[in-house]
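The values are calculated or read from the model by the stated rules, or taken from the named source; none is laboratory data. These figures come from a predicted structure and were not determined experimentally. Positions of Cβ are generated from backbone atoms using ideal geometry, with glycine treated the same way; all protein chains shown enter the neighbour counts.
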């Protein structure tokens, strides 16, 4: 493995609890769908603040309320967040004090504003604005310092895929992932939907039987829920469009997605909203849809999300840079404002998968040190949500 | 891990893993095209016996009926009939082992 010394570190923000962020943002979290607008409006008043909104927090099953609560707690604990402001309506089903307390266990400033207790929208805006300004100023003095690559935590996603995804963008990303794991960094992937048909392969790549059984139970759980709604992933895939594009079997389709996780052993598998512990490769139970999986990857601790696309997906995430990698030259040419890294040379035969993987690796480190991604510089980060599995009641 | 097929300018197909017995077209390939093929035993070449559309697969070795079909270094299904080197591998001669009701 070729390693230049300068490549083994990046410039990150060391937090009070010892963790490292690649961004240093005040994050404004809406705790319930009814507080979204106030959260968005207060974040707009404070330059550099990020806002996370979602459609949950009330009128849900006990299990979903727990999943939403732990996701919010762990999003706030993400090391890219320097300080957090929670915007509560006041009567929501989840417990704002518990969320603030557990978020604060990561030793960062956390404040709550309750709209119903602060005199409505305008009262809450005044209170929230002053708290946000104070926290933004407090975190502004932190400087980047050189840290080892083992502090890096990368999330993986593919979306708006096409045949170039499985042939070039995903396998090249897998090469970069193998290299990161070899250097003792952490990588998190998910998309349980994409695993169906290749679950036996991931089970084989699991560190032990317990991890393999957790992975298989996630797949079974998702399949059961999909079947209960009258659909059948295993029966309907690959789709007619997949077959026209050259994919013959479900195994092949799933492998084209999970190849982005490289070839390392899976150290552990987590439920949605849980936080990863340790280094190496991890799996988090999650759907394939962008708003929910990117929240799951970020709650698990991802500092950056590497996102392989074929047709070009626009979205970023509020305080986690999302790096778009594409091997379709037409998309690269058509969507220069979405695509960060062009690996179409793998398809045209000008570049090997290893060379493309090395460029992805270098770009991840550049973004870790502060380089803005296309989605960040566009400010396209509002499509966010938290995964739930039960009915709205 | 080495991608033996990924080096060189103007490559028109990709072998995603050294243990694969299928390669994937990176352009629309014509019947009769002769493609360089690296394997553990050294370099050789393969002649396409059919046209292979972009992103479709061809066999790099003889795959007998019920034999394993491999891509990404993994099993993607089994051959439903004999597949000859340079022939198209798709739903007419490859079946899933993981679709519903099978293999589980």
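Taken over the stretch A:104-130, the criterion of being surrounded by fewer than 18 Cβ atoms within 10 Å (Cβ to Cβ), touching a helix residue (DSSP H, G or I) at 6+ places or on another chain (Cβ under 8 Å) and closer than 15 Å to residue A:34 by Cβ is satisfied by A:121 alone.
Against the condition over 18 Å from residue A:159 (Cα atoms) and in contact with a strand residue (DSSP E or B) (Cβ under 9 Å, 6 or more places away or on another chain), how does residue A:258 come out, does it pass? Before the answer, list the steps.
Values: over 18 Å from residue A:159 (Cα atoms): no; in contact with a strand residue (DSSP E or B) (Cβ under 9 Å, 6 or more places away or on another chain): yes.
Criteria not met by residue A:258.
Scanning the stretch B:40-58 for residues that are more than 12 Å from chain A (Cβ to nearest Cβ), surrounded by 14 or more Cβ atoms within 10 Å (Cβ to Cβ) and free of Cβ contacts under 8 Å to residues at least 40 places away in the same chain turns up B:48, B:49, B:50, B:51.
Using the structure shown, decide if residue B:86 is more than 11 Å from every other protein chain (Cβ to nearest Cβ), over 14 Å from residue A:247 (Cβ atoms) and buried (at least 17 other Cβ atoms within 10 Å of the Cβ). Judged against the criteria, residue B:86 is a match. The residues of the stretch B:49-79 that are in a loop (DSSP other than H, G, I, E, B), more than 10 Å from the chain's Cα centre (by Cα) and closer than 28 Å to residue A:196 by Cα, listed by number, are B:53, B:54, B:55, B:64, B:65, B:66, B:67, B:72, B:73.
For the stretch A:74-92, give me each residue that is under 17 Å from the mean Cα position of the chain (by Cα) and touching a residue at least 60 places away in the same chain (Cβ under 8 Å).
Start the filter on the stretch A:74-92 by keeping residues that are under 17 Å from the mean Cα position of the chain (by Cα), which leaves A:74-81.
Correct list: A:74, A:75, A:77, A:78, A:79, A:80, A:81.
Condition (residue is more than 17 Å from residue B:98 (Cβ to Cβ) and part of a strand (DSSP E or B)) applied to the stretch A:161-180: is it met by at least one residue? No; the residues of the stretch A:161-180 include none that is more than 17 Å from residue B:98 (Cβ to Cβ) and part of a strand (DSSP E or B). For the stretch A:120-136, a residue qualifies if it is without any contact (Cβ under 8 Å) to a residue 24 or more places away in the chain and under 23 Å from residue A:98 (Cα atoms), and the qualifying residues are A:120, A:127, A:130, A:134. Selection of the stretch A:319-351 for residues being crowded, with 22+ Cβ neighbours inside 10 Å and out of contact with any helix residue (DSSP H, G or I) (no Cβ under 7 Å at 6 or more places or on another chain) yields A:319, A:331.
Residue-by-condition table, conditions (1) part of a loop (DSSP other than H, G, I, E, B); (2) out of contact with any strand residue (DSSP E or B) (no Cβ under 8 Å at 6 or more places or on another chain); (3) surrounded by 23 or more Cβ atoms within 10 Å (Cβ to Cβ); (4) at pLDDT 95 or above:
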{"position": "A:56", "(1), (2), (3), (4)": "yes, yes, yes, yes"}
{"position": "A:68", "(1), (2), (3), (4)": "no, no, yes, yes"}
{"position": "A:79", "(1), (2), (3), (4)": "yes, no, yes, yes"}
{"position": "A:98", "(1), (2), (3), (4)": "no, yes, no, yes"}
{"position": "A:102", "(1), (2), (3), (4)": "no, yes, no, yes"}
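Residues are listed down the side, and each one gets a yes or a no for (1) at pLDDT below 95; (2) under 25 Å from residue A:257 (Cα atoms); (3) outside any loop (DSSP other than H, G, I, E, B); (4) within 12 Å of another protein chain (Cβ to nearest Cβ):
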residue: B:1; (1), (2), (3), (4): yes, yes, no, yes
residue: B:20; (1), (2), (3), (4): no, yes, no, yes
residue: B:31; (1), (2), (3), (4): no, no, no, no
residue: B:81; (1), (2), (3), (4): no, no, no, no
residue: B:101; (1), (2), (3), (4): yes, yes, no, yes
residue: B:104; (1), (2), (3), (4): yes, yes, no, yes
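Any chance the stretch A:220-233 includes a residue that's part of a loop (DSSP other than H, G, I, E, B), facing chain B (nearest Cβ under 10 Å) and surrounded by fewer than 19 Cβ atoms within 10 Å (Cβ to Cβ)? Within the stretch A:220-233, one or more residues are part of a loop (DSSP other than H, G, I, E, B), facing chain B (nearest Cβ under 10 Å) and surrounded by fewer than 19 Cβ atoms within 10 Å (Cβ to Cβ).
Mind counting the residues in the stretch A:192-209 that are away from chain B (no Cβ under 14 Å) and modelled with pLDDT of 95 or more?
Step one: of the stretch A:192-209, the residues away from chain B (no Cβ under 14 Å) are A:192-193, A:206-209.
Adding the requirement that they be modelled with pLDDT of 95 or more leaves A:192, A:206-209.
Result for the stretch A:192-209: 5.
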